[in-house]
Amino acid sequence: MAATAAWLAPPSRTELIENLVSGVDRYNPSNVGILEDYLYHQIRSEEYDCLANLAILKLYQFNPDLFNPDVVINILLKALTAEPFPDFNLCISLLDDRPPSSTLDEPDPLPTLLPLLMNLYNLLHQCRFSAFWVLYRSDELEVIRENYTVECAGFEDAIREVAARSVKATFTRIGSERLGTYVDLSGSELEAWVAKQRWTFDSSTGVVSIPPNPDNQIESVVIQEHIKLPQLSKVISHSVQVR
């Protein structure tokens, strides 16, 4: 419930943005600049507001002349960090099929980068974290790293938190080498990250222990049904009548 409340109304959202997101002004194209500035504030400050970013994409739908592919790419990158919430798919659903923009001073990067971003999302969604980092570090995604995520404060750490949520919901113990491939860390950096998660690292065995939580504990569930004889007799008599 707390996560849902924070998604609907992040504590960092100002009253001005709240009025734009919640009221009819969200459809006023003159407000797109305010929402775009708020997006770049999110990028610099490690904050995130999905509904405000969706409002930008909705304005782009209604006003194609306002479309800014760099803004769209930044919105999608922020949405990646929200996995397993459906933010990325919500954003994709608001991107109409459109030809590359001919009004830009530079070539439209979205047609090239969108399939790559979708590949990154699919790997995250499938919990294929090692493959995610391999693709993210590849030469193919150099343009994303150098032009976008380099300016997105805490992007890589946010992706590591996505992996951490899955790991602590699945494992009680995991090898440090395997965990390192999930979060793209090794050595002292990995040990510091594990300590930050409040997990325990045994250097002698190379095993990371994760505290018990409702998701990583296997508990058998026994369901008992108490049927009284009068109830059973009614069922039997009814089946006889049907025959």
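The values are calculated or read from the model by the stated rules, or taken from the named source; none is laboratory data. Remember, predicted model here, so these are calculated numbers, not experimental data. Backbone-built Cβ (ideal geometry, glycine too); neighbour counts: all protein chains shown. Keep in mind that these areas ignore ligands, DNA and RNA; they rest on the heavy atoms of the full protein, side chains included. Shrake-Rupley method; radii C 1.70, N 1.55, O 1.52, S 1.80 Å.
Miscellaneous remarks
- Total residues in the range 194-207, condition closer than 11 Å to Ser176 by Cα and either open to solvent by less than 70 Å² (accessible area, probe 1.4 Å) or touching an Asp or Glu at 6+ places or on another chain (Cβ under 9 Å) (or both): 6
- Selection within the range 105-139 - at pLDDT 95 or above and either of a type in the set (Asp, Glu) or touching a His at 6+ places or on another chain (Cβ under 6 Å) (or both): Asp139
- In the range 38-54, residue farthest from the chain's Cα centre (by Cα) [restricted to those that are closer than 17 Å to Glu15 by Cβ and aliphatic (A, V, I, L, M)]: Ala52
- Boolean, Ser176 is farther than 30 Å from Tyr40 by Cβ, in contact with a Gly (Cβ under 9 Å, 6 or more places away or on another chain) and open to solvent by 20 Å² or more (accessible area, probe 1.4 Å): yes
- Qualifying residue in the range 9-19 (condition: open to solvent by less than 30 Å² (accessible area, probe 1.4 Å), touching a Pro at 6+ places or on another chain (Cβ under 6 Å) and either of a type in the set (Ser, Thr, Tyr) or in a helix (DSSP H, G or I) (or both)): no
- So Leu35, is it farther than 23 Å from Glu156 by Cα, of a type outside the set (Lys, Arg) and open to solvent by 10 Å² or more (accessible area, probe 1.4 Å): no
- Within the range 60-73, residues that are on the phi < 0 side of the Ramachandran plot and free of Cβ contacts under 8 Å to residues at least 60 places away in the same chain have Cβ atoms under 6 Å from residues that are of a type in the set (Val, Ile, Thr) and in a helix (DSSP H, G or I) in these pairs: Leu66/Val32, counting only partners at least 6 apart in sequence or on another chain.
- Every residue from the range 120-144 that is open to solvent by 30 Å² or more (accessible area, probe 1.4 Å), under 12 Å from Asp184 (Cα atoms) and touching a residue at least 40 places away in the same chain (Cβ under 8 Å): Ser130, Arg137
- Inclusion of Glu47 among residues that are under 18 Å from Glu151 (Cα atoms), modelled with pLDDT under 95 and in a loop (DSSP other than H, G, I, E, B) is warranted.
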